[in-house]
Amino acid sequence: MKVKKFVASSMPEAMKMIRAELGNDAVILNSKVVHKKGFLGLFSRKNIEVIAAVDPKPATPPVQKIKEKRKERTEPMRDEQLLKEIHELKATIHQLSQGGGIYPTPLKAIDGHLIDQEISDDVRAMFMAPLLQRWYTSGANAPYEEVKQWLHEEIIKTLPPLSFGGISFEKKFVNVVGPTGVGKTTTLAKMAAGCVIKYRKKVAFITTDTYRIAAIDQLETYAKILDVPLEVCYNLDDFRQAKEKLASYDIVFIDTAGRNFRNAQYVNDLKKMIDFNEEMETFLVLSLTAKWRDMKDIYTQFSLIPIHKFIFTKVDETSRHGAMLNMMVQCGIGAAYMTHGQNVPDDIVEATPQLVANMITGVEQR
(Lines give C-alpha, C1' and ligand atoms only; values in the text may rest on other atoms or scores of the structure.)
Protein backbone atom coordinates (compact mmCIF):
# COMPACT_ATOMS: atom_id res chain seq x y z
CA MET A 1 0.00 0.00 0.00
CA LYS A 2 1.40 3.42 -1.02
CA VAL A 3 0.84 6.23 1.50
CA LYS A 4 1.65 9.89 0.77
CA LYS A 5 1.09 13.30 2.33
CA PHE A 6 -0.25 16.23 0.30
CA VAL A 7 -0.41 19.92 1.27
CA ALA A 8 -2.70 22.29 -0.61
CA SER A 9 -4.50 25.59 -0.10
CA SER A 10 -7.93 23.89 -0.16
CA MET A 11 -9.51 20.44 -0.07
CA PRO A 12 -10.58 20.55 -3.76
CA GLU A 13 -7.01 21.34 -4.74
CA ALA A 14 -5.71 18.52 -2.51
CA MET A 15 -8.19 16.08 -4.08
CA LYS A 16 -6.99 17.14 -7.52
CA MET A 17 -3.38 16.44 -6.52
CA ILE A 18 -4.32 13.05 -5.04
CA ARG A 19 -6.20 11.93 -8.14
CA ALA A 20 -3.35 13.07 -10.38
CA GLU A 21 -0.71 11.12 -8.46
CA LEU A 22 -2.55 8.18 -6.86
CA GLY A 23 -5.60 7.83 -9.10
CA ASN A 24 -9.31 7.52 -8.40
CA ASP A 25 -8.89 4.48 -6.14
CA ALA A 26 -7.01 6.47 -3.49
CA VAL A 27 -8.41 6.50 0.04
CA ILE A 28 -8.24 9.53 2.35
CA LEU A 29 -6.75 8.47 5.69
CA ASN A 30 -6.46 11.82 7.46
CA SER A 31 -6.77 15.56 6.95
CA LYS A 32 -6.05 18.59 9.10
CA VAL A 33 -5.51 22.32 8.87
CA VAL A 34 -1.87 23.45 9.04
CA HIS A 35 -0.43 26.95 9.13
CA LYS A 36 2.55 27.76 6.96
CA LYS A 37 4.58 30.76 8.04
CA GLY A 38 5.31 33.52 5.52
CA PHE A 39 8.25 35.89 5.10
CA LEU A 40 10.25 36.34 8.37
CA GLY A 41 7.65 34.27 10.17
CA LEU A 42 4.85 36.69 9.40
CA PHE A 43 1.63 36.43 7.41
CA SER A 44 1.00 32.74 8.04
CA ARG A 45 -1.25 30.97 5.58
CA LYS A 46 -3.83 28.26 6.26
CA ASN A 47 -3.32 25.05 4.26
CA ILE A 48 -4.90 21.60 4.20
CA GLU A 49 -2.66 18.60 4.90
CA VAL A 50 -4.11 15.36 3.57
CA ILE A 51 -2.70 11.84 3.92
CA ALA A 52 -3.93 9.44 1.24
CA ALA A 53 -3.19 5.84 0.34
CA VAL A 54 -3.69 3.52 -2.59
CA ASP A 55 -3.09 -0.14 -3.30
CA PRO A 56 -0.78 -0.22 -6.33
CA LYS A 57 -2.40 -3.45 -7.52
CA PRO A 58 -6.05 -3.65 -8.66
CA ALA A 59 -8.05 -4.89 -5.69
CA THR A 60 -10.46 -7.78 -5.76
CA PRO A 61 -13.50 -7.14 -3.54
CA PRO A 62 -12.44 -8.26 -0.01
CA VAL A 63 -15.09 -10.91 0.49
CA GLN A 64 -14.58 -12.32 -3.00
CA LYS A 65 -10.85 -12.63 -2.32
CA ILE A 66 -11.62 -14.66 0.79
CA LYS A 67 -14.13 -16.80 -1.06
CA GLU A 68 -11.78 -17.54 -3.95
CA LYS A 69 -9.02 -18.42 -1.53
CA ARG A 70 -11.18 -20.99 0.24
CA LYS A 71 -11.15 -23.68 -2.47
CA GLU A 72 -10.96 -26.30 0.25
CA ARG A 73 -12.94 -26.02 3.48
CA THR A 74 -9.87 -27.06 5.44
CA GLU A 75 -7.85 -24.07 4.25
CA PRO A 76 -7.20 -21.07 6.61
CA MET A 77 -10.25 -18.93 7.30
CA ARG A 78 -8.63 -15.72 5.98
CA ASP A 79 -6.92 -14.67 2.83
CA GLU A 80 -3.32 -13.92 3.91
CA GLN A 81 -2.73 -11.11 1.42
CA LEU A 82 -5.96 -9.38 2.41
CA LEU A 83 -5.04 -9.78 6.07
CA LYS A 84 -1.63 -8.21 5.44
CA GLU A 85 -3.22 -5.23 3.66
CA ILE A 86 -5.72 -4.73 6.46
CA HIS A 87 -2.96 -4.79 9.07
CA GLU A 88 -1.04 -2.19 7.08
CA LEU A 89 -4.12 0.02 6.96
CA LYS A 90 -4.73 -0.47 10.67
CA ALA A 91 -1.12 0.41 11.49
CA THR A 92 -1.37 3.58 9.42
CA ILE A 93 -4.65 4.56 11.03
CA HIS A 94 -3.22 3.88 14.50
CA GLN A 95 -0.21 6.08 13.80
CA LEU A 96 -2.40 8.90 12.53
CA SER A 97 -4.85 8.61 15.39
CA GLN A 98 -2.09 9.33 17.91
CA GLY A 99 -1.98 12.84 16.54
CA GLY A 100 -5.45 13.76 17.74
CA GLY A 101 -7.90 11.48 15.92
CA ILE A 102 -8.30 10.99 12.18
CA TYR A 103 -12.06 11.00 11.75
CA PRO A 104 -14.35 13.99 11.34
CA THR A 105 -17.16 14.03 13.93
CA PRO A 106 -19.83 12.09 11.94
CA LEU A 107 -17.35 9.37 10.96
CA LYS A 108 -15.99 9.20 14.49
CA ALA A 109 -19.55 8.52 15.65
CA ILE A 110 -19.92 5.77 13.04
CA ASP A 111 -16.63 4.21 14.12
CA GLY A 112 -17.85 4.28 17.71
CA HIS A 113 -21.10 2.62 16.64
CA LEU A 114 -19.18 -0.19 14.93
CA ILE A 115 -17.07 -0.67 18.05
CA ASP A 116 -20.24 -0.82 20.15
CA GLN A 117 -21.62 -3.45 17.73
CA GLU A 118 -18.42 -5.46 18.43
CA ILE A 119 -17.20 -5.33 14.86
CA SER A 120 -13.62 -6.63 14.78
CA ASP A 121 -10.76 -4.19 14.12
CA ASP A 122 -10.01 -5.73 10.71
CA VAL A 123 -13.60 -5.56 9.47
CA ARG A 124 -14.12 -2.09 10.94
CA ALA A 125 -11.05 -0.74 9.13
CA MET A 126 -12.28 -2.31 5.91
CA PHE A 127 -15.57 -0.40 6.11
CA MET A 128 -14.23 2.89 7.48
CA ALA A 129 -11.78 3.38 4.58
CA PRO A 130 -14.47 3.82 1.86
CA LEU A 131 -16.54 5.98 4.22
CA LEU A 132 -13.59 8.35 4.59
CA GLN A 133 -13.20 8.50 0.85
CA ARG A 134 -16.89 9.24 0.33
CA TRP A 135 -16.77 11.90 3.05
CA TYR A 136 -14.16 13.97 1.24
CA THR A 137 -15.42 13.38 -2.30
CA SER A 138 -18.89 14.54 -1.18
CA GLY A 139 -17.57 17.87 0.10
CA ALA A 140 -16.77 16.87 3.70
CA ASN A 141 -20.05 18.12 5.15
CA ALA A 142 -22.38 15.11 5.26
CA PRO A 143 -24.40 14.70 8.50
CA TYR A 144 -24.27 11.61 10.69
CA GLU A 145 -27.48 10.05 9.32
CA GLU A 146 -26.19 10.31 5.76
CA VAL A 147 -22.89 8.70 6.71
CA LYS A 148 -24.82 5.91 8.43
CA GLN A 149 -26.67 5.39 5.15
CA TRP A 150 -23.29 5.10 3.40
CA LEU A 151 -22.30 2.37 5.87
CA HIS A 152 -25.56 0.57 5.12
CA GLU A 153 -24.77 0.72 1.40
CA GLU A 154 -21.17 -0.46 1.90
CA ILE A 155 -22.31 -3.52 3.86
CA ILE A 156 -24.81 -4.42 1.14
CA LYS A 157 -22.12 -3.88 -1.50
CA THR A 158 -19.60 -6.11 0.31
CA LEU A 159 -21.75 -9.16 1.15
CA PRO A 160 -23.41 -10.22 -2.16
CA PRO A 161 -20.49 -12.43 -3.34
CA LEU A 162 -21.47 -14.73 -0.46
CA SER A 163 -24.40 -17.12 -0.56
CA PHE A 164 -27.54 -15.99 1.28
CA GLY A 165 -31.07 -17.27 1.73
CA GLY A 166 -32.68 -20.40 3.08
CA ILE A 167 -32.65 -24.01 1.94
CA SER A 168 -31.56 -24.30 -1.67
CA PHE A 169 -33.68 -27.42 -2.36
CA GLU A 170 -30.79 -28.57 -4.54
CA LYS A 171 -29.86 -31.33 -2.09
CA LYS A 172 -31.99 -33.93 -0.39
CA PHE A 173 -30.43 -33.77 3.07
CA VAL A 174 -30.25 -30.68 5.30
CA ASN A 175 -27.89 -30.99 8.24
CA VAL A 176 -27.47 -28.60 11.19
CA VAL A 177 -24.38 -28.69 13.38
CA GLY A 178 -23.12 -26.52 16.20
CA PRO A 179 -22.27 -26.40 19.91
CA THR A 180 -24.66 -27.10 22.73
CA GLY A 181 -27.30 -24.55 23.66
CA VAL A 182 -27.56 -22.65 20.37
CA GLY A 183 -31.07 -23.92 19.53
CA LYS A 184 -30.32 -26.43 16.75
CA THR A 185 -33.36 -28.65 17.30
CA THR A 186 -35.85 -25.77 17.50
CA THR A 187 -34.28 -24.17 14.42
CA LEU A 188 -34.50 -27.48 12.56
CA ALA A 189 -38.20 -27.72 13.41
CA LYS A 190 -38.82 -24.16 12.14
CA MET A 191 -37.09 -24.96 8.85
CA ALA A 192 -39.02 -28.21 8.45
CA ALA A 193 -42.34 -26.53 9.24
CA GLY A 194 -41.63 -23.91 6.58
CA CYS A 195 -40.96 -26.63 4.01
CA VAL A 196 -44.22 -28.40 4.86
CA ILE A 197 -46.48 -25.33 5.12
CA LYS A 198 -44.99 -22.97 2.56
CA TYR A 199 -43.43 -25.28 -0.03
CA ARG A 200 -45.61 -28.39 0.41
CA LYS A 201 -42.58 -30.64 0.64
CA LYS A 202 -42.61 -34.21 1.91
CA VAL A 203 -40.35 -33.98 4.97
CA ALA A 204 -38.66 -36.43 7.37
CA PHE A 205 -36.31 -36.20 10.38
CA ILE A 206 -33.13 -38.05 11.32
CA THR A 207 -31.52 -37.47 14.71
CA THR A 208 -28.03 -38.50 15.75
CA ASP A 209 -28.38 -36.75 19.12
CA THR A 210 -28.49 -39.88 21.23
CA TYR A 211 -26.60 -38.25 24.09
CA ARG A 212 -29.66 -36.42 25.43
CA ILE A 213 -32.97 -38.24 25.82
CA ALA A 214 -34.74 -34.88 26.02
CA ALA A 215 -33.44 -33.98 22.55
CA ILE A 216 -35.04 -37.06 20.99
CA ASP A 217 -38.29 -36.36 22.85
CA GLN A 218 -38.27 -32.75 21.65
CA LEU A 219 -37.77 -33.69 18.00
CA GLU A 220 -40.32 -36.51 18.31
CA THR A 221 -42.88 -33.94 19.49
CA TYR A 222 -42.20 -31.74 16.47
CA ALA A 223 -42.40 -34.79 14.18
CA LYS A 224 -45.85 -35.67 15.54
CA ILE A 225 -47.10 -32.08 15.14
CA LEU A 226 -45.92 -31.98 11.52
CA ASP A 227 -46.97 -35.61 10.91
CA VAL A 228 -43.55 -36.61 9.58
CA PRO A 229 -41.36 -39.68 10.34
CA LEU A 230 -38.36 -39.63 12.68
CA GLU A 231 -35.40 -42.03 12.51
CA VAL A 232 -32.89 -42.31 15.39
CA CYS A 233 -29.32 -43.20 14.37
CA TYR A 234 -26.53 -44.43 16.66
CA ASN A 235 -23.82 -45.05 14.05
CA LEU A 236 -23.01 -44.68 10.36
CA ASP A 237 -24.73 -47.96 9.44
CA ASP A 238 -27.95 -46.73 11.10
CA PHE A 239 -27.62 -43.47 9.18
CA ARG A 240 -27.23 -45.26 5.84
CA GLN A 241 -30.23 -47.46 6.56
CA ALA A 242 -32.31 -44.41 7.49
CA LYS A 243 -31.34 -42.75 4.21
CA GLU A 244 -32.59 -45.76 2.27
CA LYS A 245 -35.79 -45.93 4.33
CA LEU A 246 -36.53 -42.24 3.65
CA ALA A 247 -35.58 -42.31 -0.02
CA SER A 248 -39.06 -41.25 -1.16
CA TYR A 249 -39.06 -38.00 0.84
CA ASP A 250 -38.23 -34.60 -0.67
CA ILE A 251 -36.19 -33.18 2.23
CA VAL A 252 -34.65 -35.02 5.17
CA PHE A 253 -33.57 -32.86 8.13
CA ILE A 254 -30.70 -34.14 10.29
CA ASP A 255 -30.30 -33.10 13.93
CA THR A 256 -26.89 -33.63 15.53
CA ALA A 257 -25.74 -33.75 19.14
CA GLY A 258 -24.80 -30.48 20.82
CA ARG A 259 -21.61 -31.15 22.72
CA ASN A 260 -18.53 -29.21 23.79
CA PHE A 261 -17.17 -27.78 20.54
CA ARG A 262 -13.65 -27.57 22.05
CA ASN A 263 -13.49 -31.36 22.05
CA ALA A 264 -12.06 -32.34 18.65
CA GLN A 265 -13.49 -35.83 19.11
CA TYR A 266 -16.98 -34.35 18.69
CA VAL A 267 -16.41 -33.47 15.05
CA ASN A 268 -14.67 -36.79 14.45
CA ASP A 269 -17.72 -38.55 15.91
CA LEU A 270 -19.95 -36.57 13.54
CA LYS A 271 -17.90 -37.73 10.58
CA LYS A 272 -18.29 -41.31 11.76
CA MET A 273 -22.01 -40.86 12.32
CA ILE A 274 -22.97 -38.93 9.18
CA ASP A 275 -21.99 -39.44 5.58
CA PHE A 276 -21.13 -35.88 4.48
CA ASN A 277 -21.51 -36.25 0.75
CA GLU A 278 -22.63 -34.16 -2.19
CA GLU A 279 -26.28 -34.83 -1.35
CA MET A 280 -26.08 -32.79 1.87
CA GLU A 281 -26.42 -29.09 2.67
CA THR A 282 -24.85 -28.29 6.07
CA PHE A 283 -25.58 -25.24 8.21
CA LEU A 284 -23.46 -24.20 11.20
CA VAL A 285 -25.71 -22.75 13.92
CA LEU A 286 -24.23 -19.95 16.03
CA SER A 287 -25.82 -17.96 18.85
CA LEU A 288 -25.36 -14.17 18.67
CA THR A 289 -25.12 -14.15 22.46
CA ALA A 290 -21.79 -15.98 22.19
CA LYS A 291 -18.45 -14.22 22.36
CA TRP A 292 -16.82 -13.36 19.03
CA ARG A 293 -13.67 -15.31 19.89
CA ASP A 294 -15.72 -18.37 20.77
CA MET A 295 -17.51 -18.11 17.43
CA LYS A 296 -14.16 -18.18 15.63
CA ASP A 297 -13.11 -21.24 17.63
CA ILE A 298 -16.41 -22.96 16.85
CA TYR A 299 -15.99 -22.32 13.14
CA THR A 300 -12.38 -23.56 13.18
CA GLN A 301 -13.48 -26.80 14.82
CA PHE A 302 -16.43 -27.42 12.51
CA SER A 303 -14.62 -26.37 9.33
CA LEU A 304 -13.28 -29.94 9.24
CA ILE A 305 -16.63 -30.75 7.62
CA PRO A 306 -18.20 -28.83 4.70
CA ILE A 307 -20.10 -25.76 5.96
CA HIS A 308 -22.37 -24.15 3.37
CA LYS A 309 -24.01 -21.35 5.36
CA PHE A 310 -24.41 -19.99 8.88
CA ILE A 311 -27.61 -19.78 10.90
CA PHE A 312 -27.59 -17.10 13.60
CA THR A 313 -29.91 -17.66 16.56
CA LYS A 314 -31.04 -15.61 19.59
CA VAL A 315 -31.04 -12.38 17.59
CA ASP A 316 -33.61 -10.95 20.01
CA GLU A 317 -31.45 -11.64 23.07
CA THR A 318 -28.73 -9.12 22.22
CA SER A 319 -28.48 -5.60 20.83
CA ARG A 320 -25.01 -6.25 19.41
CA HIS A 321 -25.00 -8.08 16.08
CA GLY A 322 -21.50 -7.34 14.78
CA ALA A 323 -20.20 -10.87 15.36
CA MET A 324 -22.27 -12.20 12.45
CA LEU A 325 -20.72 -9.63 10.10
CA ASN A 326 -17.27 -10.60 11.38
CA MET A 327 -17.97 -14.28 10.74
CA MET A 328 -19.31 -13.80 7.23
CA VAL A 329 -16.57 -11.43 6.07
CA GLN A 330 -13.64 -13.28 7.63
CA CYS A 331 -14.83 -16.83 6.86
CA GLY A 332 -16.24 -16.10 3.41
CA ILE A 333 -19.53 -17.84 4.22
CA GLY A 334 -23.01 -16.33 3.95
CA ALA A 335 -26.08 -16.82 6.15
CA ALA A 336 -29.21 -18.89 5.58
CA TYR A 337 -31.48 -17.85 8.45
CA MET A 338 -31.77 -15.75 11.59
CA THR A 339 -34.01 -16.75 14.49
CA HIS A 340 -35.49 -14.50 17.16
CA GLY A 341 -37.58 -16.64 19.50
CA GLN A 342 -38.85 -20.13 20.34
CA ASN A 343 -42.14 -20.14 18.40
CA VAL A 344 -42.43 -22.83 15.70
CA PRO A 345 -42.88 -22.26 12.78
CA ASP A 346 -42.52 -18.52 13.40
CA ASP A 347 -39.55 -16.54 14.73
CA ILE A 348 -37.29 -17.33 11.79
CA VAL A 349 -36.42 -15.25 8.71
CA GLU A 350 -34.25 -15.86 5.69
CA ALA A 351 -31.02 -13.89 5.83
CA THR A 352 -30.17 -11.23 3.23
CA PRO A 353 -27.39 -8.62 2.94
CA GLN A 354 -30.08 -5.95 3.45
CA LEU A 355 -31.22 -7.55 6.70
CA VAL A 356 -27.64 -7.74 7.98
CA ALA A 357 -27.07 -4.07 7.09
CA ASN A 358 -30.34 -3.11 8.83
CA MET A 359 -29.33 -4.89 12.02
CA ILE A 360 -25.82 -3.42 12.11
CA THR A 361 -26.74 0.19 11.26
CA GLY A 362 -30.31 0.48 12.53
CA VAL A 363 -31.34 1.78 9.09
CA GLU A 364 -34.58 0.03 8.16
CA GLN A 365 -34.47 -0.76 4.44
CA ARG A 366 -35.51 -3.76 2.37
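The values are calculated or read from the model by the stated rules, or taken from the named source; none is laboratory data. Computed from a prediction, not measured in an experiment: that's the story for all the values here. Using ideal geometry, Cβ is built from the backbone for each residue, glycine included, and neighbour counts are taken over all protein chains shown. For the accessible areas, the whole protein counts, side chains as well, though only heavy atoms, and no ligand, DNA or RNA atoms are used. Shrake-Rupley method; radii C 1.70, N 1.55, O 1.52, S 1.80 Å.
Numbers below:
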{"read-out": "Efficiency of FRET from Cβ geometry, V33 and T289, R₀ 51 Å, rounded to 0.05", "value": "0.70"}
{"read-out": "Amide hydrogen neighbours beyond the local backbone of E231, cut-off 5 Å, H modeled", "value": "F205, I206, T207"}
{"read-out": "Förster radius 56 Å - calculated FRET efficiency between Q342 and A8, Cβ distance, rounded to 0.05", "value": "0.40"}
{"read-out": "Probe 1.4 Å, accessible area per residue of segment 168-220, Å²", "value": "40"}
{"read-out": "5 Å binning of all Cα-Cα separations within segment 296-360, expressed as whole percents from 0 upward", "value": "4, 15, 28, 25, 17, 10, 1"}
{"read-out": "Of all accessible heavy-atom area on segment 150-237, the percent that carbon and sulfur account for (1.4 Å)", "value": "51"}
{"read-out": "Ranked by how many other beta carbons lie within 10 Å on average, peptides 336-342, 135-141 from highest", "value": "336-342, 135-141"}
{"read-out": "Chain lengthening between S319 and D237 when straightened (0.36 nm per residue, less Cα-Cα)", "value": "25.1 nm"}
{"read-out": "Segment 336-341 - phi-based ³J(HN,Hα) in whole Hz, Karplus 6.51/-1.76/1.60, Gly and Pro as x", "value": "9, 9, 10, 10, 9, x"}
{"read-out": "DSSP beta bridges in segment 274-366 [antiparallel fraction, %, rounded to 5]", "value": "25"}
{"read-out": "Base-10 log of normalised Debye intensity for segment 99-160 (one unit scatterer per alpha-carbon) at q = 0.26 Å⁻¹", "value": "-1.25"}
